[in-house]
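Written below as structure tokens is the structure these notes are about.
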Amino acid sequence: MLEELKNKKVLILGFEREGMDNFLFLRKLFPKKVLGIADKSEEIKKPDKNVRLYLGKNYLKAIRDYDVVLKSPGIPFKILPRTVLGKITTQTEIFFENCPGKIVGITGTKGKSTTTSLIYKILKRGGIKVHLVGNIGKPVSNLLFSATPNDVYIYELSSHQLYNLKKSPHIAVFLNIYQEHLDYYRNFNEYVRAKANITRYQNENDYLVYNSQDKIVREIAKKSKAKKIPIPANYEFLIHPVRKSSISNGAGIRIPLVGKFNLKNIMAAVAVGKIFGLPSLKIAKTIENFKPLPHRLEYIGTYKGIKFYNDSLSTIPETTIAALDGLGNNVETIFLGGFDRGISFKNLAKRILKSKIKNLILFPTTGEGIWREIVSLKRKNKFRAFLVQNMKDAVKLAYQYTRKGKICLLSCASTSFSIFRNYKEKGNLFKKYVKKFAKG
């Protein structure tokens, strides 16, 4: 595929993080080649003289003048004319087609980053030449120049990256599927089809580690030709070291991740370690020393007697429900709401009604929608509800109304874009004001 690019007109579609990586990759391959860059932003400058820019609202029109279009994940396929889809490729597709080493791919609506990081740590401790790549690791394109058959790449794969893959990883880890990214795809079925590519092209020499309790994942797994390892499973190497918090020699192991849902993530990582033949003791020690990732049910600390948890990466109702299940009945204050993508909050409202929560701090626009669901269940008098426009006011209210010994949880069940740039900004502002007001 790389040789084919030599005599083709190539357009880089989207010029944020991955688009810039794509440019550096192509420039290393073809130092003098004229490349096109198309982006809706009009602020982009030419990275060198051998570049043609197509900027602004009509940037997609440039596609028709090029043979190959290297698309960034942030640009939805649904906005592209179907007639041009045959010329679209991605950094992920190029890597999969040209990588000589083994790829371990991890996907799921939620839990990808934690599982990916844990698999990387387990294999690294096991002495395997391993690389963390993709969304939470190094850009993959430049790694092709040094890749060998002995390298193993741990690749977190979003639905955007999987969408047009024609090759699946040697080991696929499929965690779950919930309604997500409905603003990106034409419908939920299209999202599911994209996710299914992680195993669609596997053969009998490959492995599929999958969540057997997720109905959609289970149905996809039935069609896979790979060797299948269901999670949870009755396999001793999974149950013994993880679910019963012990290892094969009987010693106890501490699980550092909150919530039952994280046990499935851990078990998936254990399964990958065992595929590589690693001993249970090494795997268990890695789990014990694993530090939870930021913004994923992250314990901030106890201030003025209140325990604060930052779960700002929770962007769907299911993950907020899982956070409540993990933390138990001590959650008294919860932050909810954000950008509206048409997701139902009915089950979340029912779960909140079963909890001991007293204070709802609501961000627009879905905060109002969650409140309407609660009102429809005729139990609104159980709560204090506050609609806020910024994190500063939200945290002030949390300190005012949360009692000592109780938990304040940021887990909004929505994406951040109504007020915040992204989940990182939201989570960091939460931590900032929690610590700031603790001093007052």
Looking at 180, 204, 190, which one is under 13 Å from residue 227 (Cα atoms), out of contact with any strand residue (DSSP E or B) (no Cβ under 6 Å at 6 or more places or on another chain) and not assigned by TED's automatic domain parsing to the domain that holds residue 339? 204
Examine segment 258-270 for a residue that is at pLDDT 85 or above and either outside any helix (DSSP H, G or I) or polar (S, T, N, Q) (or both), and state whether such a residue exists. yes
Got a number for residues in segment 374-402 being under 21 Å from residue 343 (Cα atoms), assigned to a helix (DSSP H, G or I) and either under 26 Å from the mean Cα position of the chain (by Cα) or aliphatic (A, V, I, L, M) (or both)? 2
Select from segment 182-204 the residues that are buried (at least 20 other Cβ atoms within 10 Å of the Cβ) and in contact with a helix residue (DSSP H, G or I) (Cβ under 9 Å, 6 or more places away or on another chain) and list them in ascending order. 184, 185, 191, 194, 195, 196, 197, 198, 199
If you take the residues in segment 21-50 that are of a type in the set (D, E, K, R) and under 18 Å from residue 75 (Cα atoms), which one is surrounded by the most Cβ atoms within 10 Å (Cβ to Cβ)? 39
If residue 178 satisfies all but one of (1) modelled with pLDDT under 95; (2) in a strand (DSSP E or B), what's the number of the condition it fails? (2)
Answer yes or no: is there a residue in segment 326-347 that is outside any helix (DSSP H, G or I), in the same structural domain as residue 398 (by TED's automatic domain parsing), touching a Gly at 6+ places or on another chain (Cβ under 7 Å) and of a type in the set (Gly, Ala, Ser). yes
Please enumerate the residues belonging to segment 290-302 that are surrounded by fewer than 16 Cβ atoms within 10 Å (Cβ to Cβ) and either without any contact (Cβ under 8 Å) to a residue 12 or more places away in the chain or assigned to a strand (DSSP E or B) (or both). 299, 301, 302
Does segment 57-75 contain any residue that is over 12 Å from residue 10 (Cα atoms) and either in the same structural domain as residue 191 (by TED's automatic domain parsing) or in contact with a His (Cβ under 8 Å, 6 or more places away or on another chain) (or both)? yes
Just name the residue that is surrounded by the most Cβ atoms within 10 Å (Cβ to Cβ) out of those in segment 157-175 that are out of contact with any strand residue (DSSP E or B) (no Cβ under 6 Å at 6 or more places or on another chain), part of a loop (DSSP other than H, G, I, E, B) and not aromatic (Phe, Trp, Tyr). 168
Please specify each residue of segment 102-124 satisfying the condition of being among the small types (Gly, Ala, Ser) and not in a helix (DSSP H, G or I). 105, 108, 111
Looking for something buried (at least 18 other Cβ atoms within 10 Å of the Cβ), more than 20 Å from residue 332 (Cα to Cα), modelled with pLDDT of 95 or more and not small (Gly, Ala, Ser) - is there at least one such residue anywhere in segment 388-396? no
Meets criteria (at pLDDT below 90 and out of contact with any Phe, Trp or Tyr (no Cβ under 7 Å at 6 or more places or on another chain)) for residue 281: yes
Confirm whether residue 405 is touching a Gly at 6+ places or on another chain (Cβ under 7 Å), closer than 19 Å to residue 304 by Cβ and either in a loop (DSSP other than H, G, I, E, B) or free of Cβ contacts under 8 Å to residues at least 40 places away in the same chain (or both). yes
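The values are calculated or read from the model by the stated rules, or taken from the named source; none is laboratory data. For clarity, every value in this text was computed on a predicted model and none was experimentally measured. Cβ atoms come from the backbone with ideal geometry, glycine included; neighbour counts cover every protein chain shown.
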